[in-house]
Structure formats: C-alpha cells, structure tokens
Amino acid sequence: MDRPAQTKAHRLRELIEKQTVVLPGAFNALTAMQIERAGFQALYISGAGLSAVRGLPDIGLLSLTEVVSDAAAITKAVTIPAIVDADTGFGPPLTVMRAVKEFEQAGVAGMQIEDQELPKKCGHLPGKRLVSTSDMVNKICAASDARRDRDFLIVARTDARSVEGLDEAVRRARAYIDAGADAIFPEALESAEEFRLFAR
C-alpha cells in the first residue's frame, strides 16, 4: 500500500535514523501536550501510566479497546509521533494483528509488545514468566504482516535478562529481529556495561 506523505511513523523512523530519540511517557492527552511543549520530538504511551490513572496495577488488565481509545485521544492532541505500550499484544497472533490495525487507525506511529506470560508484571518486579521464543516470534510476524503503513514500528521487548540471563536476552532479541521487529527493548538490564554488550 502506498504510504501517505510524512506519516507520523515515517517521521519517527527518520528521527531514529539521525539521532537518539528520548520518549517521555504520557498517560493522557494533557501529559502528551506537556511533553510536546517541552520540546520533545516523540513520546511513549505508557501502559503502566494508563493503568495507574485507573487505580490498577500494571499486570495487563486493560483491554485493547481501552488502550486504543486512550492512544487515539493522545495522538489527536499532539503533532509528534507516539509509540504505544501494547503489553503482550492482548492475546494470540490474530489478536495482535487486530491491535496493529486499530493502533494504526488511532494515529500511533508504532507499538511495543513483550514476551511475558499473562498476568504480566512491571519489568523490574520479580516472578516474571516468559512465553516461548517461538510464541513471541509468531506474534511479531503477525504484527509485521498486519501493518498497512510499512513505517509503523514494531518494537519487541524482552524480559529475559532477569529470568534467563543476558545471553538468552540477546538470543531472543536476534530471533525477534529476524521475525520482523524494527527495534528491541531490553528490559531490566543491570549496568551500562550490559547495555554496551547487548547493543554489540
């Protein structure tokens, strides 16, 4: 499908290619507007933030409908691109495909999905459980296939560092990139040196 001129997803890709992009977390339209007014060039729609404003823990309790509604309100309030935290993708690969289409329609520039089992946990809490690499790869393939705007970013988060170690986090990250992820979010690395090793 032909890409509309300068979609927010395209603008975000251009930014990432040129520089490090800081993505402050927004949880409603007002915080998104404040982020834009402060001069940031992009933002992150925080799943933990969306849960917290409802008085809920960050364990994947929000529905796709709720997150899409909040994301649409946020993206309409600002001109800068946004990536949305889609937790574990709201279900199996077919549901992930639906999520991609709904977030694209909401004006989001990309979405992040993670490799935890439900109920998921905030990334720095103990007791996390991971889905198999193949299950996550299937979700990433589904997300990549479902996007209409080829610039829509698929960000794969791995929580493997605190569960299975750094080497396994790297192995999973490589598998996710091979499956079509555009970027990797390595959750809960423990030092600057680990970030350097992971990036290398």
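Whole number in Å², please: accessible area per residue of the chain, 1.4 Å probe, ligands, DNA and RNA not counted.
Working: 9630 Å² over 200 residues.
Accessible area per residue, the chain: 48 Å².
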Inset, instruction - With a point put 7 Å past each Cα toward its Cβ, work out how far A38 is from S191 in nm, to one decimal. - result: 3.0
Legend entry - Of the GluC sites (Glu not before Pro) in region 107-200, those whose Cβ has at most 10 other Cβ within 10 Å and which sit in DSSP loop: E190
Inset, instruction - Over the Cα atoms of region 1-127, compute the convex hull volume and normalise it per residue, giving Å³. - result: 121
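Taking Cα atoms of region 122-190, Rg/Rh with Kirkwood Rh, to two decimals? Don't skip to the end; give the middle numbers.
Numbers: Rg = 12.2 Å, Rh = 12.4 Å.
The Rg/Rh ratio comes out at 0.99.
Take every Cα-Cα pair in region 82-200 and report what % of them are more than 26 Å apart.
Numbers: 1053 of 7021 pairs.
Percent of Cα pairs beyond 26 Å in region 82-200: 15.
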Inset, instruction - Give me the angle, in degrees from 0 to 90, between the Cα long axis of helix 166-179 and the longest principal axis of the Cα atoms of the chain, rounded to the nearest 10. - result: 50
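Is region 24-88 rounded, prolate or oblate when judged by the Cα gyration tensor, a ≥ b ≥ c being the square roots of its eigenvalues, rounded requiring a/c under 1.5 and prolate requiring a/b larger than b/c? Intermediate results must be reported in sequence, preceding the final value.
Numbers: a/c = 2.06, a/b = 1.83, b/c = 1.12.
Prolate, because a/c is 1.5 or more and a/b exceeds b/c.
Once the other residues with Cβ under 14 Å from the Cβ of M97 are scored (Lys, Arg +1; Asp, Glu -1), what is the net sum?
Charge balance near M97 sits at +2.
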Inset, instruction - Report in % the part of the accessible area of the chain that belongs to carbon and sulfur, leaving out ligands and nucleic acids; probe 1.4 Å. - result: 55
Inset, instruction - Return the percentage of antiparallel bridges among DSSP beta bridges fully within region 53-183, rounded to the nearest 5 %. - result: 10
Inset, instruction - Grab the DSSP H runs of the chain that are 4 residues or longer, score each as -39,500 (n - 2.57), total them, divide by all residues and round the 222 nm result to the nearest 500 deg cm²/dmol. - result: -14000 deg cm²/dmol
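The values are calculated or read from the model by the stated rules, or taken from the named source; none is laboratory data. Note that the structure is a prediction, hence the values are computed from the model and not measured. Cβ coordinates were reconstructed from backbone atoms using ideal geometry, including for glycine residues, and neighbour counts include every protein chain displayed. Quick note on the areas: whole protein, heavy atoms, side chains included, nothing else; ligands and nucleic acids left out. Shrake-Rupley method; radii C 1.70, N 1.55, O 1.52, S 1.80 Å.
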